[in-house]
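Enquirer: Below is a structure I'd like to ask you about.
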Amino acid sequence: LDVFKGEVVDMKEAGVLEPHRVKRQAIQSAAEAAEMILRIDDMIAAKGFEVSKKESEGGGMEGMGGMPPM
């Protein structure tokens, strides 16, 4: 795939020679990065849910949220 022209070309004829391992590693690294981003996004979403749940369960003025009692 020639990204500059937007068409499929024979890379051997175009003079581009890359080892298969390099391409496979690049795809694998991209997939791992995407998976990590999705996991972090899920953790942030879950953390936001926990905070909002704790805030809604409160109701009294027993001190600052998240602070241990004195």
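The values are calculated or read from the model by the stated rules, or taken from the named source; none is laboratory data. As the structure is a computational prediction, the values presented were derived from the model and not from experiment. Ideal geometry is used to build each Cβ from the backbone, glycine not excepted, and the neighbour counts take in all protein chains shown.
Enquirer: Can you pull out the residues in the range 1-52 that are assigned to a loop (DSSP other than H, G, I, E, B) and of a type outside the set (Lys, Arg)?
Expert: LEU1, VAL3, PHE4, GLY6, VAL8, VAL9, ASP10, GLY15, VAL16, LEU17, GLU18, PRO19
Enquirer: For a quick check of your reading of the model, give me the residue pairs whose first member lies in the range 1-18 and is surrounded by 10 or more Cβ atoms within 10 Å (Cβ to Cβ), whose second is modelled with pLDDT under 85 and not small (Gly, Ala, Ser), with beta-carbon atoms closer than 6 Å and at least 6 apart or on different chains.
Expert: VAL9/ASP2
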